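The values are calculated or read from the model by the stated rules, or taken from the named source; none is laboratory data. No experiment lies behind these values; they were computed from the predicted model shown. Here Cβ is always computed from backbone atoms with ideal geometry, including for glycine, and neighbour counts include all displayed protein chains.
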């Protein structure tokens, strides 16, 4: 059976987003903009201490949102540190979901990678019911493609053994063709778990270029450089979101995927964009802007 395409607003309706060190004002603003229980991911910033992460997660929960903490395996100094962090997240934020990543550092202490946290971190005992794991539509600048594919299978299997539901959260990309090819390859390989597709939320051209270089999304960077006016950037001096990617993913039919926004232009601005996209107002507005310039 051929999957039927969805309207962009339907595809964009169930979304999550990331926030980096949100303060009380940010959290209040997010709660006023986002639908209740929207997942807000707290990014793994090396300078954020465990107590700060726990406090932010607790504040998000009290504001009616769903906090999801990033756990960077190689940045954990010990198993005790992980246990204390999980205890704090459970007690202060009723944390039920984590994003477990390796963490792009060369050395490790208690955990060599995300798989080790899934296998040995006793997440289920700490009240965690579901985990996200990383996916890379454009590959990883430091990990061979074959190893990435094997790691996905291993982490999904380990999560199931541990009694955890599992899904994939992908690195952001600026190329709808690349994202779709990656999603279709996953499904052809028998990986049927849900995917949260990483998308860059509204941000300036300078910020987008900076993060594209930092994260090694070379194919997307080339598309970004040649895509001014293609709907991705819109007004170069202003802000725009990934409406053309949302349109492409919606048109592809049911791939068991939903948007996950990276907040390069700020979490509050990203939340506004995500709600506008879910209401079906973003793509139409951008199409009108483009037609007015022709």
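Scoring residue 167 on the criteria (1) modelled with pLDDT of 95 or more; (2) over 16 Å from the mean Cα position of the chain (by Cα); (3) buried (at least 17 other Cβ atoms within 10 Å of the Cβ) leaves a single failure, condition (2). In this structure, does residue 129 turn out to be loosely packed, with under 13 Cβ neighbours inside 10 Å, modelled with pLDDT of 95 or more and more than 27 Å from residue 176 (Cβ to Cβ)? So residue 129 fails the test.
Does region 65-75 contain any residue that is outside any strand (DSSP E or B) and surrounded by fewer than 19 Cβ atoms within 10 Å (Cβ to Cβ)? Within region 65-75, not a single residue is outside any strand (DSSP E or B) and surrounded by fewer than 19 Cβ atoms within 10 Å (Cβ to Cβ).
One residue stands out among those in region 31-63 that are surrounded by fewer than 23 Cβ atoms within 10 Å (Cβ to Cβ) and in contact with a helix residue (DSSP H, G or I) (Cβ under 6 Å, 6 or more places away or on another chain): the one that is nearest to residue 105 (Cα to Cα), which is 50.
What's the total number of residues in region 10-21 that are touching a helix residue (DSSP H, G or I) at 6+ places or on another chain (Cβ under 6 Å) and surrounded by fewer than 21 Cβ atoms within 10 Å (Cβ to Cβ)? Qualifying residue count, region 10-21: 1. Of all residues in region 230-243, one or more are modelled with pLDDT of 85 or more, surrounded by 20 or more Cβ atoms within 10 Å (Cβ to Cβ) and not in a loop (DSSP other than H, G, I, E, B).
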